[in-house]
Amino acid sequence: MNRAAVAAAACLVLAPVFAEGLPDLGDVSQTVLSPIAERKLGEEIMREIRADPSYVDEPELTDYLNAIGSRLAQASPDSKRAFEFFAIQDNSVNAFALPGGFIGVHTGTLLISQTESELASVLSHEIGHVVQHHMSRMIANQEKTQMVSLAALAAAILVARSNSQASQAIAAGSQAVAVQSQLNFTRDNEREADRVGVQILERSKFDVHAMPVFFERLQRSTRFVEGSAPSYLRTHPLPFERIADIQNRTQNLPYRQVPDGLVFQMLRARLRAEQDSARDAITYFEDMLAQRKFTFEAAARYGLATARLRDKDYTGARRELEALRRLVPESPMVDTFAARLLNAAGDGAGALAAYRAGLARHPEYRALVYGYIDTLLATKNPAEALAVVEQQQQLRPQDAQLYLLQARGYAAQGKQLLQHRAQAEAYARQGDVRAAIEQLQIALRAGDGDFYQLSIAEARLRELRAQDPESAKRERR
């Protein structure tokens with residue numbers, strides 16, 4: 001599904017959120033969207049984003065973004081607010097905040113960030129938009145008679161972050177004349193998000209001077225190629241007075257030497273290895289190592305190993321893995337790569353042994369957990385895979401990915417009711433209650449469950465229907 005389709009679908013699903021009418025809680029930012037409705041709106045948009053191929057469903061990158069994002073959010077003025085950070089596979093430099101605390105980051109932003117503090121400055125700015133209720137305040141400025149336009153606005157907010165032409169088409173197609181003028185935050189909103197972002201950086205012990213450095217580099221990059229402004233500059237305009245304002249805010253704050261984490265540099269190296277052709281990536285990292293132009297040798301080795309794996313050069317990838325082991329002997333990312341390499345080379349048994357060894361050292365590392373279960377399923381061990389899933393669900397009962405893997409395990413065993421019930425739980429944890437209801441209805445029609453399993457599915461179906469009253473109306477039609 002392309003982004004235009006995502007937004008078009010979002011227009012349809014989001015309209016009821018506004019049409020139902022929402023309570024006035026007193027604060028101007030809540031006159032249209034209450035906190036509950038704001039979260040619901042964000043979850044509806046996220047449902048469409050997760051269905052888009054550009055959504056990065058990869059645990060190592062997602063966990064890293066949420067780790068650094070959580071550190072920043074805890075230092076924000078609204079430290080109890082729930083946030084979810086995610087990546088979009090897009091080489092452009094961009095990030096965006098959605099209603100309900102969902103913050104997306106293009107992979108190109110990680111690649112251009114020279115330090116972890118620079119990436120943190122982008123995330124802190126987006127957190128600033130969320131905690132200052134800029135999204136709600138933007139919608140509150142619309143007339144209440146323009147509810148259909150607001151639905152289009154919610155969808156177009158997402159699309160405009162990558163494709164301004166698509167957002168304009170949606171605005172025109174939905175007859176939402178005011179949409180395009182409302183897409184970008186006002187200058188006051190941007191300055192306020194900068195101010196809050198600097199405070200968050202300072203409180204979370206990152207280098208506050210990284211924010212003006214990052215923004216200046218983006219600004220300079222547009223001077224040499226006409227019309228090539230990064231997406232971030234189109235959606236977060238950076239006039240010189242705004243950069244000067246950030247510099248004024250940070251100039252009297254002490255300089256803080258904040259060393260980058262190895263995970264940050266290794267993730268950047270992997271993204272770089274996956275960005276271009278495998279051969280170009282190999283040349284890039286070989287040159288970097290030959291000239292010793294790296295911050296962490298381990299990150300450069302990891303990038304080269306990833307590129308060789310992409311090129312199916314398993315011997316060369318093993319050679320880089322051995323070098324990595326010497327540099328970082330206790331890295332879950334390296335353990336995960338070792339198992340992936342064995343899988344790619346066709347050694348399923350060796351991959352299982354590698355995953356078991358890695359999990360013995362890092363039992364809660366999601367990439368190892370998922371990879372182990374996936375390999376058990378691939379090697380025709382569904383019973384063992386399901387046992388691991390159930391054990392992990394005790395630790396992470398809200399983990400949708402575990403339920404997706406559980407559904408695959410039951411499918412391999414031919415247990416249709418349990419398969420669709422597990423699929424329903426995955427959708428429910430992703431905020432897609434309607435899809436969860438559909439899966440439970442399929443489960444109840446499967447005809448292969450016992451009385452106990454049927455009772456559980458029926459009870460869960462009643463519970464989910466109570467969360468989505470519209471489903472009962474649709475079924476009565």
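Any read-out appearing in this document is the output of simple, stated calculations on the displayed coordinates, not a laboratory observation. As the structure is a prediction and not an experimental result, all values here were calculated from the model. For neighbour counting, all protein chains shown are included, and Cβ atoms are generated from backbone atoms with ideal geometry for every residue, glycine included.
Quick notes on this structure:
- Net charge dipole, the stretch 260-329: roughly 180 debye, given to the nearest 20, about the Cα centre with Cβ charges of +1 for Lys and Arg and -1 for Asp and Glu.
- Kirkwood Rh, angstrom, the stretch 265-404 [1 / mean 1/r, Cα pairs]: 15.8 Å
- Loop-located trypsin sites (Lys or Arg not before Pro) in the stretch 41-93 (DSSP state not H, G, I, E or B) with no more than 13 neighbouring Cβ atoms inside 10 Å: Lys80.
- Listed by chain and number, the aspartates and glutamates whose alpha-carbon sits under 15 Å from that of Lys415, ignoring those within fewer than 8 places in the same chain, are Asp448, Asp450.
- In loop segments of the stretch 323-394 as defined by DSSP, the GluC sites (Glu not before Pro) with at most 11 further C-beta atoms inside 10 Å of their C-beta are Glu330, Glu364.
- Dipole magnitude for the stretch 384-477: about 380 debye, using +1 per Lys or Arg Cβ and -1 per Asp or Glu Cβ, origin at the Cα centre.
- Among Ser76, Ser455, Ser54, a tally of other beta-carbon atoms within 10 Å of each Cβ gives an order, fewest to most, of Ser455, Ser54, Ser76.
- Volume of the convex hull of the stretch 273-337 (Cα atoms only), normalised per residue: 79 Å³.
- Each residue of the stretch 327-336 was assigned a 3J(HN,Hα) from its phi angle through the Karplus curve 6.51 cos²θ - 1.76 cosθ + 1.60 (θ = phi - 60°); the sequence is 7, 9, x, 10, 10, x, 5, 5, 4, 5 Hz, with glycine and proline shown as x.
- Sorted into 10 angstrom bins from 0, the C-alpha pair distances of the stretch 384-477 split as 18, 48, 29, 5, 0 percent.
- Comparing Cα centroids, the stretch 392-423 and the stretch 303-317 end up 33 angstrom apart.
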